[in-house]
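To start, the structure under review is shown below, and the notes come after it.
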Amino acid sequence: MMPLFSPADLLVSILSWVLNVPTPSKLDKKREELKNNWHTATPTWNYKPGSLTSKSSHAKGPITTTPITTGVVDKYIILASEKYLNLATPNFLGVSQHPRLNSAAEKCVQKFGPGTSGPPIFYGSADVYKEMDRNIAKFLQVDDCVTYNITFTAMLSAIQVYAGPGDVIFVDEQVNISIRLGLGLSKSRIIYFKANDVQHLARLLEQEETNNQERRRFCVLEGIYAQTGTLCPLGEINDLCKRHKVRILLDESVSFGVLGATGRGATEHFGIKATDMDVICGTFEAGFASYGGFIAGSTVVASFQRFYGNGHIFSTALPPMFTSVVNEGLKMLQEDNSNLVRLRKNCELMHRELEKVNQLRICSDPISPVKHLSVKNPSISMDEASLILDRAIESLKINHKIAVGKVSPGGTKANSHLSPSIRICVNSLLQKKDIDDFVSALQNIFYD
């Protein structure tokens, strides 16, 4: 076998290494050169951090200031010492200043103080919480309920608790931002179906069932879609999901306390048992003039939320006074549903009158307390439509002393079908004259 190196090659290599070993003087010289270059050299790149906001937001100018109210928020609100008819906040049942609710809150503050200073599972719960959970579960006719200190985190947490990688979630394209964030956190495969299109959902379910029979499947809906005010065809979708063994997660944030003969929501409205829904989400912030939200369902569903729902575990418990307001509000609704009846009449009356404004399109359902008005002209861009609505809202405020809201959909694929809209919140306190005056103001604005 031939050697790898000959003796001559080895000797040359050793001599070369010895001759090239740097001496102390050479090392000092090299060190000095590096030090000088470090201080005098100019970087070949010039990094500047990018803007925190998008270019489109710069083009729209500075963010406007938040309207500040002084005094109570009820049928009227006070802005800059002037009174406005309030069609902006969702005080659907008109109980935000009801004496019974105020009294219940005052008594609870005297007993428990203003807050808990701790998460529910770390000594942040009191007996009023358990009472509220029992009352809501009994009202909805389900096994159990768990409350959240803010509605926004309720459905968001529920989705990521039950659905995960490898699962498939079918979602109506109208769903709100809280649901969308929960969908992203779940890491599931998301399939959107067209707004309230049962046939489209049926085709998607059949296709997915054929291709992936082993995957868990969920369907996420809203009783009344907050972004459009349209009513979900829950009866048809429930039958469809039963046939395909798909679990339903229903957000009743708008419809709880509003739909159904007794205010139990979309399930009661369509004659469906609440237990047919795997998860029901609701809020106390609209119909009950309180704060927070809930997830209701079976005992297993509620238990999972208590110990795995991030929004429940990693946040301070709801202040006790809000739980007492909810408990009293549920009693009031079950004792007397006259507010609910008046709300329903006002919703239908408002809808009929708004249809007379020819320049605007109302996409919401007649019985929805949330009405969305968009510009009917199909030839104008979304930016132009948004500007027209901004001017109308400003005119309503300045010239007619009426406060309304606005929805400006983002540019995501999921809500690309939506248009900018004026959002109106109907409540049980409105009189016919209030509705007539508002519609007349709109007609004057768009006629001019």
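Over the Cα atoms of segment 132-175, what is the Rg over Rh ratio if Rh follows Kirkwood?
Taking Rh as the inverse mean 1/r over Cα pairs, Rg/Rh reads 1.06.
First select every other residue whose beta carbon is under 11 angstrom from the beta carbon of ASP251; then total the charges, Lys and Arg +1, Asp and Glu -1.
-3
Along segment 145-162, what does the Karplus equation 6.51 cos²θ - 1.76 cosθ + 1.60 (θ = phi - 60°) give for ³J(HN,Hα), rounded to whole Hz, x for Gly and Pro?
After applying 6.51 cos²θ - 1.76 cosθ + 1.60, I find 8, 10, 9, 10, 7, 8, 4, 4, 8, 5, 5, 4, 6, 4, 4, 6, 6, 9 Hz.
At 7 Å along the Cα-to-beta-carbon direction for both ILE191 and ALA80, put a label point, then send me their distance in nm to one decimal.
5.2
Contour minus end-to-end for ILE121 and ASN102, with contour as 0.36 nm per residue of separation and end-to-end as the Cα-Cα distance?
Value of the extension gain: 4.1 nm.
Taking 0.36 nm per residue of separation and subtracting the Cα-Cα distance, what length does fully extending ASN444 through GLU384 add?
Extra length from ASN444 to GLU384 when fully extended: 19.6 nm.
Using r as the Cβ-Cβ distance of LYS433 and VAL73, and R0 as 25 Å, what FRET efficiency do you calculate, to the nearest 0.05?
The formula returns an efficiency of 0.75 here.
If you take every residue apart from HIS372 with its C-beta less than 14 Å away from the C-beta of HIS372, what net charge results, scoring Lys and Arg +1 and Asp and Glu -1?
+2
Along the Cα-to-C-beta direction of HIS244, a point sits 7 Å from the Cα; which residues of segment 266-281 have their amide N less than 19 Å from that point?
Only 276-279 pass the distance filter.
If contacts are Cα pairs under 8 angstrom and at least 6 residues apart, what is the relative contact order of segment 99-335 in percent?
Result for segment 99-335 is 32 percent.
Determine, from the Cβ-Cβ distance of ILE313 and ASN358 and an R0 of 41 Å, the FRET efficiency 1/(1 + (r/R0)^6), rounded to the nearest 0.05.
0.20
Give me the extension gain from ILE150 to ILE398: residue separation times 0.36 nm, minus the current Cα-Cα distance, reported in nm with one decimal.
Length gained, ILE150 through ILE398: 86.0 nm.
In terms of modelled amide H atoms, which long-range or inter-chain residues lie less than 5 Å from the amide H of ILE248?
CYS219, ASP278, VAL279
How do the peptides 244-255, 132-143 rank, highest first, by the average count of neighbouring beta carbon atoms within 10 Å per residue?
Descending mean neighbour count gives 244-255, 132-143.
FYI, it's all coordinate maths here, none of it is from the lab. None of the values given here were measured: they were computed from a predicted structure. Virtual Cβ from ideal backbone geometry, glycine too; neighbours counted across all protein chains shown.
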